[in-house]
Amino acid sequence: MVKEIERAGIPVVHMCTVVPISLTIGANRIIPAVGIPYPLGDPNLGEEKSKKIRRSLVERALKALQTEVTDQTVFEN
Amino acid sequence: MTIRYCFCYKIEYIDRIEIEKEVVILKLELGKIKISDVQFGDKTEVVKGTLYVNKDEIIKLVLEDDRILSANVELARPGESVRIAPVKDVIEPRVKVSGSGAIFPGTINKVKEVGSGRTHALVGATVITCGRIVGFQEGVIDMSGPAAKYTPFSETNNVCIVIEPVEGLETHDYEAAGRMVGLRVAAYIGEAGRNVEPDEIVTYETKPLQEQVKQYPDLPKIGYIHMLQSQGLLHDTYYYGVDAKVMVPTFMYPTEIMDGAIISGNCVAPCDKVTTFHHLNNPVIEDLYKRHGVDLNFIGVVLTNENVFLADKERSSDMTAKLCEFLGLDGVIITEEGYGNPDTDLMMNCRKVSQKGIKVVLITDEFPGRDGKSQSLADATEEGDALVSCGNGNVIINFPPMEKVIGTLDFIETMIGGYEGSLKPDGSIEAELQIIIASTIANGYNKLSAKGY
């Protein structure tokens, strides 16, 4: 899906836990997510802290979308 | 004079321990008692190759677990018009006759190292746990018809335990109850083989590293990396009772697995679920032993896991590669359980072990879609240049109706491999091959493969 949407000219950020798979399939902008059962939060920390994690990941994704890349890039921060 | 005496005595004592070590600790004799039929009887016993089981005693044993509301025992033999579903686990009945520990240590028996002495197995018999579904990844076994050939359990004499949980039992508790029921019944039936003279005795032996290397100094040193499913959410494996997701990679003598050191707690896709039967009868270990001292030196097993966090995957594959390097291996075989994100663990292990200068062969199954045109594995690496395929789990097959169903067909359409419309009104099924237990099992205990031309 990532590749097909990009082929249509729309940049994509792939948020995922298993970064190596994302690199293998050819995503260009990658955000490492928390874990496979809960990529955008952490239920162990409660809803409030989970929401903070989610917001920070989404903001990082929006930043990545606006960043020019020449190669596959993992946005760690 | 006295001092000298003491010194001599000590030496003698140490010698004796070393001799004891060599004879007792390292060798497992597996006595295979061939079972060609299963029947109900007044007593659970083996008579001339027929296994008799006492139904009431088994039900009583199962109901000792207060999470189980009711249970039934049904028998399924090769060639019968029987369909078993949803299958949770399959276990070969075994009993520890001599040597340290007891069968399934750390789960139904105390934690104590196993893998030496003598063990008896009722080969050709199994215990199958089935009944109302736990998750959505339990499978189907047909005892006859075109779908039977895809599972090894159409050729065994199966004691099926159909369980019904108490109302409102939480899913993880239900899984645990089902898992323990299977192990306890298998151990109970295994006892019937304790005093039976086996039809065949196979001896397996792996020595401590330095001695093992010295035994066959000219043969390549080969190891086996056994990846245990440990994703959680009903995808778990236990080694001496420890949940594999919280362990770091470790070394195991190959004979330990034959005494039930590893048991399955998995509701993964049925086709490549490594049941407890498959741990007891791991085909990679079996085949490596066949060639042990012939054209290779089988050094042992590295156990690792398949966790759901990237940091865990990195840590476990780092440690796996480090262990292989430390053992001085020339080559390894790696198997995985499940597919999708565990393919990443498989590839990380492949890459990191290869980078240590060790040759790697992978064994896995494939999911390239129903038309076979998509990427077969979720991940790949350049170092993965030698792979044995155990078949394509996405192929659609047809199952004719069976006269008898053990368990229930109520969940066919929500099981992995099933879909809306899979179950027909006459009881026939159209589904992907992956709905069948062990059809593409990724350690080669099946009959499917793929070849490059």
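The values are calculated or read from the model by the stated rules, or taken from the named source; none is laboratory data. Bear in mind that the values here come from a model prediction, so they are computed numbers and not experimental data. With ideal geometry, Cβ positions are generated from the backbone for all residues, glycine too; neighbour counts draw on all protein chains shown.
Structure data summary
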| read-out | value |
| --- | --- |
| Test: residue B:409 is more than 14 Å from every other protein chain (Cβ to nearest Cβ) and outside any helix (DSSP H, G or I) | yes |
| Qualifying residue in region B:41-51 (condition: under 23 Å from the mean Cα position of the chain (by Cα) and not hydroxyl-bearing (Ser, Thr, Tyr)) | yes |
| Strands (runs of 3 or more DSSP E) lying entirely in region B:159-259 (those with 3 or more residues that are in contact (Cβ under 8 Å) with a residue 24 or more places away in the chain and surrounded by fewer than 22 Cβ atoms within 10 Å (Cβ to Cβ)) | B:200-205, B:250-252 |
| Checking residue B:406 against (1) in contact with a Cys (Cβ under 6 Å, 6 or more places away or on another chain); (2) under 25 Å from residue A:27 (Cβ atoms), the condition it does not meet | (2) |
| Per-region count, region B:330-386, residues more than 22 Å from residue B:267 (Cα to Cα) and not in a loop (DSSP other than H, G, I, E, B) | 15 |
| Meets criteria (away from chain A (no Cβ under 14 Å) and touching a helix residue (DSSP H, G or I) at 6+ places or on another chain (Cβ under 8 Å)) for residue B:284 | no |
| Scope region A:18-38; condition assigned to a helix (DSSP H, G or I) and either facing chain B (nearest Cβ under 8 Å) or farther than 16 Å from residue B:314 by Cβ (or both); matching residues | A:19, A:20, A:21, A:24, A:25 |
| The listed residue being in contact (Cβ under 8 Å) with a residue 40 or more places away in the chain and surrounded by 19 or more Cβ atoms within 10 Å (Cβ to Cβ), out of B:111, B:97, B:87 | B:87 |
| Filter result (among the basic types (Lys, Arg) and either at pLDDT 95 or above or not in a loop (DSSP other than H, G, I, E, B) (or both)) within region B:93-134 | B:94, B:96, B:110, B:112, B:118 |
| Identity of the residue in region A:3-25, within 17 Å of residue A:67 (Cα to Cα) and of a type in the set (Val, Ile, Thr), that ends up surrounded by the fewest Cβ atoms within 10 Å (Cβ to Cβ) | A:10 |
| Contacts under 7 angstrom Cβ, first residue in region B:332-344 being within 23 Å of residue B:222 (Cα to Cα), partner hydroxyl-bearing (Ser, Thr, Tyr), 6 or more apart | B:332/B:224; B:333/B:224; B:336/B:364 |
| Residue pairs meeting the criteria (Cβ under 6 Å; at least 6 apart or on separate chains; first modelled with pLDDT of 70 or more, in region B:18-36; second acidic (Asp, Glu) and outside any loop (DSSP other than H, G, I, E, B)) | B:26/B:205; B:27/B:205; B:32/B:200 |
| Residue selected from region B:287-328 under the condition under 26 Å from residue B:107 (Cβ atoms) and assigned to a loop (DSSP other than H, G, I, E, B), by the criterion farthest from the other protein chains (Cβ to nearest Cβ) | B:307 |
